[in-house]
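Visitor: The structure is given below, and queries will be raised subsequently.
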Amino acid sequence: MDVPFLSLKDVNAGYADELKAAAARVIDSGWYILGEELTAFEHEFAAWCGVGHAVGVGNGLDALALILRGYKQLGRLREGDEVIVPANTFIAGFLAISENRLVPVPVEPDAASFNLDLASVERAIGPRTRAIMPVHLYGQLADITALPALARRHKLLLIEDAAQAHGASADGRKAGSFGDAAAFSFFPTKNLGALGDGGAVVTNDEQLAMCVAALRNYGSEAKHRHVYQGLNSRLDEMQAAMLRVKLKYVEEDLAWRRHVARRYRQGIRHPEIALPVVPWEERHAWHLFVVRCRARDALQRHLQAHGVQSQVHYPVPPHLQPAYKGLNRARLPVTELLQREVLSLPMGPTLREADVDRVIRACQSFECPP
Ligand SMILES: *Cc1c(COP(=O)(O)O)cnc(C)c1O
């Protein structure tokens, strides 16, 4: 059998008894939307992130979009404002920005960290720039010292896309606590994954939290009182109950991810396979373990022939997608180079030592074409 890239079945099998008990509790309660499970999860998740407020929403994309929409309602953003976003990322941030009639300004990554390059961010700041939306890509924190300072200096909002970074930390502070607000996804494959869709907005800004809590529920502050033209994007009771179970184990899972990453970094020593650069261990939550290779497709075929699954995150960056053909197509050479070279190796809390050995052996036996 192949070494799976990530087996969700194995992941959830580890908690099956508790998940089933939690599901039974929800079924028997007779209450399925905006109830006690969600309130409890919001408190537990906010406490775990070390922030004042968490608001459960339908998914990670909505979490990002609702932060922007909330800041529009509060008068901090206006239609046509520019938001700086990494060019090298999943498309969600772009979509959240466009959905709010704001303008995404894609900025190059630093090739070593894969995260936003500071000098490029500075150059992209113009008179219409109002926010920076860094992504903690693959689970590694973006520059959480320089970015907040830069945002303060230019009076910009700092909105973290923490969808891949549950548990990444620096000096005891966790992903989601460095900006004005942060978005998390609980898509099943994430480090904290539901058994369906889910997301959360976390923030220390009480006004924003109240605004997003209303927006996600038809703009309603209290029953039959609609203060905003909101939408429907709620984290349901069943998913909140599943997440309460899994939140208890997320640190343990993270420790295993770190162990796997350490073994890969010790075991893979190949002149043509570049390992991720990690100056601070605790700042990486290892959602993905991403290597670079100039013959990436050949490496992927070689791994598959040796029973090792792998994936590419991401083969086509958002600014080159058909959906963004209207966007200024200035070349983004670092992003486009990474897109040709990156390969994600198997990673997850249920990967076994023997699987790790197989991945390392398969990498070591790769003969790179000239
Ligand atoms: C998964 C992900 C999202 C979106 O989450 P969904 O819950 O799938 O909507 C946003 N940003 C990044 C970087 C992601 O990886």
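Derivation of every value follows stated rules applied to the coordinates shown; laboratory data play no part. Small disclaimer: the values here were computed from a predicted structure and weren't measured. Cβ sites come from the backbone with ideal geometry, for glycine too, and all protein chains shown count toward neighbours.
Visitor: Which loop-located trypsin sites (Lys or Arg not before Pro) does the stretch 60-99 contain, where loop means any DSSP state but H, G, I, E or B and the Cβ has at most 15 other Cβ atoms within 10 Å? All intermediate terms of the calculation are to be shown ahead of the outcome.
Guide: Numbers: sites: 69, 72, 76, 78; in loops: 76, 78.
Passing both the DSSP loop test and the Cβ count: 78.
Visitor: Taking 7 Å along the Cα-to-C-beta vector as the label spot, tell me the residue 101-residue 13 distance in nanometres, rounded to one decimal.
Guide: Roughly 5.1 nm, to one decimal.
Visitor: With r as the distance between the Cβ atoms of residue 128 and residue 20 and R0 = 56 Å, compute the FRET efficiency 1/(1 + (r/R0)^6) and round to 0.05.
Guide: Given R0 = 56 Å and the Cβ-Cβ separation, E is 0.60.
Visitor: Just to be sure I understand: with springs between alpha-carbon atoms less than 10 Å apart, which residue in 46, 194, 146 has the highest mean-square fluctuation in the Gaussian network model of the chain?
Guide: 146
Visitor: Let a ≥ b ≥ c be the square roots of the eigenvalues of the Cα gyration tensor of the chain; is it rounded (a/c under 1.5), or, if not, prolate (a/b larger than b/c) or oblate?
Guide: Oblate, since a/c reaches 1.5 and b/c is not below a/b.
Visitor: Can you give the extra length, in nm with one decimal, that the chain gains between residue 227 and residue 152 once fully stretched, where that is 0.36 nm per residue apart less the Cα-Cα distance?
Guide: On the way: separation 75, 0.36 × 75 = 27.00 nm, distance 3.02 nm.
Once the chain is fully extended between residue 227 and residue 152, it gains 24.0 nm.
Visitor: Let me ask something else. Using Cβ contacts closer than 10 Å as the measure, can you line up 360, 27 from fewest to most?
Guide: By the 10 Å Cβ count, ascending: 27, 360.
Visitor: Of 9/248; 155/190; 174/246; 9/190; 20/248, which pairs sit farther than 24 Å apart, going by alpha carbon to alpha carbon?
Guide: With Cα atoms farther than 24 Å apart: 155/190.
Visitor: For the pair residue 301 and residue 173, what calculated FRET efficiency results from E = 1/(1 + (r/R0)^6), where r is the Cβ-Cβ distance and R0 = 41 Å, to the nearest 0.05? Provide the component values of the computation, followed by the final result.
Guide: Numbers: r = 42 Å, r/R0 = 1.01.
The calculated FRET efficiency here is 0.50.
Visitor: Within the chain, what is the longest stretch that has no GluC sites (Glu not before Pro) placed in a DSSP loop and near at most 14 other beta-carbon atoms within 10 Å?
Guide: Numbers: sites that count: 79, 367.
With a cap of 14 other Cβ atoms within 10 Å, the longest stretch comes to 80-366.
Visitor: Is the shape of the stretch 1-98 rounded, prolate or oblate, going by the alpha carbon gyration tensor and its root eigenvalues a ≥ b ≥ c, with a/c under 1.5 for rounded and a/b larger than b/c for prolate?
Guide: oblate
Visitor: Treat the count of other C-beta atoms within 10 Å as a stand-in for reagent exposure and order 210, 242 from fewest to most. Intermediate values should be presented prior to the final figure.
Guide: On the way: 210 16, 242 27.
Result, fewest neighbours first: 210, 242.
Visitor: Find how many whole Å separate the alpha carbon centroid of the stretch 34-84 from the alpha carbon centroid of the stretch 210-245.
Guide: Answer, in whole Å: 10.
Visitor: Rounded, prolate or oblate: pick one for the stretch 156-224, where a ≥ b ≥ c are the square roots of the eigenvalues of its C-alpha gyration tensor, a/c under 1.5 means rounded, and failing that, prolate if a/b is larger than b/c, else oblate. Each step should come with its number before you reach the end.
Guide: Details: a/c = 2.80, a/b = 1.30, b/c = 2.16.
Oblate shape, in that a/c is at least 1.5 and b/c is the bigger or equal ratio.
Visitor: For the chain, set up a GNM with springs between Cα atoms under 10 Å and report which of 52, 172, 139 has the largest fluctuation.
Guide: 172
Visitor: Testing the spin-label approximation: label points 7 Å from Cα along Cα→Cβ at residue 40 and residue 281. State their distance in nm.
Guide: About 3.5 nm separates the two model spin labels.
Visitor: Moving on to the next point. What FRET efficiency comes out for residue 206 versus residue 354 if R0 is 45 angstrom and r is the Cβ-Cβ distance? Round to the nearest 0.05.
Guide: 0.35
Visitor: OK, next. Hey, which lysines would be in cross-link range of residue 223, C-alpha to C-alpha under 26 Å, not counting anything within fewer than 8 residues on its own chain?
Guide: Correct list for residue 223: 72.
Visitor: Turning to a different aspect of this structure: Just in the stretch 84-128: which trypsin sites (Lys or Arg not before Pro) are loop by DSSP and have at most 15 other Cβ atoms within 10 Å?
Guide: Counting only loop positions with at most 15 other Cβ atoms within 10 Å, the trypsin sites (Lys or Arg not before Pro) in the stretch 84-128 are 101, 128.
Visitor: Along the charge dipole of the stretch 35-98, pointing to its positive end and built from +1/-1 on Cβ of Lys, Arg, Asp and Glu, which listed residue (41, 67, 84) has its Cα farthest out?
Guide: Of 41, 67, 84, it is 84.
Visitor: Consider a paramagnetic label point 7 Å from the Cα of residue 189 along Cα→Cβ; state which residues of the stretch 267-305 have an amide N under 14 Å from it.
Guide: Residues 287-290 qualify, since their backbone N sits under 14 Å from the label point.
Visitor: Can you tell me which of 255, 330, 24 moves the most in a GNM of the chain? Springs connect C-alpha atoms under 10 Å apart.
Guide: Residue with maximal mean-square fluctuation among 255, 330, 24: 330.
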